[in-house]
1. Suppose all protein chains stay in the model; what accessible area per residue would a 1.4 Å probe give for the chain, in Å²?
2. Where in the range 185-218 is the amide nitrogen less than 13 Å from a point lying 7 Å along the Cα-to-Cβ axis of THR68?
3. In nm, to one decimal, how far is the GLU184 label point from the ASP25 one, both placed 7 Å along Cα→Cβ?
4. 7 Å from Cα along Cα→Cβ at both SER56 and ARG316: what's the point-to-point distance in nm?
5. Stokes-Einstein diffusion coefficient for the range 1-74 at 25 °C in a medium of 0.890 mPa s, Rh from the Kirkwood formula over Cα pairs: what value in µm²/s?
6. Using only the alpha-carbon atoms, what does the chain span along each of its principal axes? Please give whole angstrom values in decreasing order.
7. Compare the Cα positions of ALA166, CYS40, VAL80 along the charge dipole of the range 26-169 (+1 at Cβ of Lys, Arg; -1 at Cβ of Asp, Glu; about the Cα centre) and return the one farthest towards the positive end.
8. Express in Å², to the nearest 10, the accessible area of THR217 obtained by rolling a 1.4 Å probe over the protein heavy atoms while all chains stay in place.
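The values are calculated or read from the model by the stated rules, or taken from the named source; none is laboratory data. Here the structure is a predicted model, which means the values were calculated and not measured. Glycine also receives a Cβ, built like all others from the backbone with ideal geometry; neighbour counts cover every protein chain displayed. Just the protein is used for accessible areas: all its heavy atoms, side chains included, with ligands, DNA and RNA removed. Shrake-Rupley method; radii C 1.70, N 1.55, O 1.52, S 1.80 Å.
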Amino acid sequence: MSEVSLDNVTKRFDSTVAVNDVSIDIDDGEVMGIVGPSGCGKTTALRLVAGFETVSEGTVRYDGEDVTHIPPENRNVGLVFQSYALFNNMTVLQNVTFGPKMHDVGKEERRDRACELLELLDIEELADRNPKTLSGGQQQRVGLARALAIEPHILLLDEPMTGLDAKLKQTLRQELGQLLDDLEVTTLYVTHDQEQAMSMCDRIAVMNDGHLEQIGTPSEIYEQPANEFVAGFIGTANLLEVTIEDEQVSFGFTELDAPGPQRVDGTATVMIRPDDVRVGEGPVSVEITNLFYQGEHIQATGLLPDGQKLTLRLDRSLGDVTTGDSLSIAFDPDDIHVIESTR
Ligand code: ADP
Ligand code: MG
């Protein structure tokens, strides 16, 4: 496996800038996610790493070596796409030995390698089956085994869960996350689904409109989003306009201490996560306008005294809450994150 990097990479399709001056360093064995809304350039970034697209500007490196102008067939990448694209006219074993065969690996070695991978992925008993007869989860494992059989520099996954039902997605997310962790394979995982990325990746690159907005661990991105876009895309965020003076955040309806690290004076936008709103205590009253049942929690929308909307999470232990009720709330100073203004 390898370290893989995009250095100031730009990709233009005529007037569209699909990837705009993006730099991402993926460490050896790291699982890097790229998340962002549809059309933000995720697939293009992955295709640039694989060599299926040529860069307009910038450099792609594997282990420090410039591979920018090396064609995809000579880059040795393992690809897994949404439908796994398994060959249904071959057995599972033949699917897995196919790549090494194309790379002129000898018959015995490719068979050994495939059996080892099937064992590692716990699907050795499926070796003689036709992929058509397998469950979604089994097919995903075969897809992974096939991609790994060529001993790639990097494993590239583009929306591998698309088209699966919600329940299966959740199970596979845990399984695949664990597998990628165990395999210690350098991986680039592209998804529009921030929950998948948060639960499976060591670090996440958040893209928007071709730009890289932030790169960091899931908790860094969740707790210290770099801007309003990241705050809103990753999870649910309350963004409130405040004034800050002498480390005092003024919401216009109460005063609280400002968080330490980012000292700002003047007006700012702060972010408070719904699960950080303390409900049932404190000086501020919120009038509940909407309730959404979400299994273990109830997500509610309320109006602050100044008319700004606030999303909060209600625990079932609060008992029945209905729209029109007033709840007292408080914010812990540590949970008030100052967001720099966006570009
Ligand atoms: P994502 O995977 O995040 O949905 P893509 O990387 O597929 O986004 O696309 C990013 C942008 O580049 C989009 O505006 C898309 O229309 C454009 N694009 C992608 N591939 C091509 C292409 N081959 N020709 C022209 N435009 C393209
Ligand atoms: Mg895509």
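1. Numbers: 16520 Å² over 343 residues.
With the other protein chains kept in place, the chain gives 48 Å² per residue.
2. The answer is none, because no backbone nitrogen lies closer than 13 Å to the label point.
3. 2.1
4. About 5.3 nm separates the two model spin labels.
5. Details: Rh = 12.5 Å.
For these conditions, the coefficient is 197 µm²/s.
6. Between the extreme Cα coordinates on each principal axis of the chain lie 74, 46, 33 Å.
7. Result: ALA166.
8. The value for THR217 is about 40 Å².
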